[in-house]
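Here's the structure we're looking at; comments come further down.
The values are calculated or read from the model by the stated rules, or taken from the named source; none is laboratory data. Treat the numbers as computed from the prediction; the structure is a model and nothing was measured. Positions of Cβ are generated from backbone atoms using ideal geometry, with glycine treated the same way; all protein chains shown enter the neighbour counts.
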Amino acid sequence: MTLPHIARGDTVTLHYALRLPDDRLVDSSFDAEPITFVLGDGSFEPRLEEALIGLPLGEHTRILLTPEFAFGSPDPEMIHELPRSDVPHHLALTINDVVEFDLPNGDAIAGTVRAIHEETLTVDFNHPMAGMNIQLIVHILAINDQEAAL
């Protein structure tokens with residue numbers, strides 16, 4: 001019997017960890033419940049999903065991803081000068097703080113404070129890991145309800 005391999009549209013259950021090149025842990029499910037999602041449903045970063053395609057059931061691996069295959073390259077057009085009045089006055093901001101802003105359509109978007117001026121803030125709306133090489137560590141536990149023998 002051959003093991004199933006991940007394909008678009010599959011329901012996948014896995015543990016994952018994201019690490020920076022210096023091995024700092026960014027996010028992990030290994031000490032919690034595994035995540036289950038449909039590959040392509042938008043619940044997992046699409047570029048990370050692409051790295052999972054073809055992995056077999058039971059695989060435990062580390063995948064090294066350059067920015068174009070992870071969170072993309074920083075886009076200078078995603079850095080904006082905003083009036084300080086756009087941020088609640090009770091927030092004591094510092095450089096690298098992540099602040100959530102309301103969009104006109106009611107959605108919210110997070111941005112990283114890059115500079116603080118008297119009347120304005122420089123806010124970077126790129127993904128915080130844009131431009132970084134990352135390590136994606138995964139353990140594939142189930143594909144379409146077929147579970148790996150652990």
| query | Taking into account only those residues within region 114-142 that are farther than 28 Å from Leu64 by Cα and part of a strand (DSSP E or B), which is nearest to the chain's Cα centre (by Cα)? | reply | Val123
| remark: From the option list Phe69, Phe101, single residue qualifying as in contact with a strand residue (DSSP E or B) (Cβ under 6 Å, 6 or more places away or on another chain), of a type in the set (Phe, Trp, Tyr) and in contact (Cβ under 8 Å) with a residue 12 or more places away in the chain is Phe101
| note | Going through (1) under 13 Å from Pro128 (Cα atoms); (2) loosely packed, with under 10 Cβ neighbours inside 10 Å one by one, Arg114 fails only at (2)
| task | Quick one: which residue in Asp102, Asp75, Asp145 is among the charged types (D, E, K, R) and within 20 Å of the chain's Cα centre (by Cα)? | result | Asp75
| query | When you go through (1) within 22 Å of Leu141 (Cα to Cα); (2) exposed (fewer than 15 other Cβ atoms within 10 Å of the Cβ); (3) of a type in the set (Gly, Ala, Ser) one by one for Ala51, which number turns out not to apply? | reply | (2)
| query | What do you reckon, is Pro74 surrounded by 11 or more Cβ atoms within 10 Å (Cβ to Cβ) and in contact with a Gly (Cβ under 6 Å, 6 or more places away or on another chain)? | reply | yes
| query | For Ile95, are the conditions met, namely being at pLDDT below 95 and not in a loop (DSSP other than H, G, I, E, B)? | reply | no
| query | Considering Ser73, Ser29, Ser85, which residue is of a type in the set (S, T, N, Q) and at pLDDT 95 or above? | reply | Ser29
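Conditions tested, residue by residue: (1) farther than 25 Å from Val113 by Cα; (2) of a type outside the set (S, T, N, Q); (3) not in a loop (DSSP other than H, G, I, E, B).
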site: Thr13; (1), (2), (3): yes, no, yes
site: Tyr16; (1), (2), (3): yes, yes, yes
site: Asp27; (1), (2), (3): no, yes, yes
site: Asp31; (1), (2), (3): yes, yes, no
site: Arg47; (1), (2), (3): yes, yes, yes
site: Gly58; (1), (2), (3): yes, yes, no
site: Glu68; (1), (2), (3): no, yes, yes
| request: Name the residue, out of Pro34, Pro46, that is surrounded by 13 or more Cβ atoms within 10 Å (Cβ to Cβ) and either more than 20 Å from Ile134 (Cα to Cα) or out of contact with any Pro (no Cβ under 9 Å at 6 or more places or on another chain) (or both). | output: Pro34
| remark: Of Leu48, Leu20, Leu39, Leu55, the only residue that is of a type in the set (A, V, I, L, M, F, W, C) and at pLDDT below 90 is Leu48
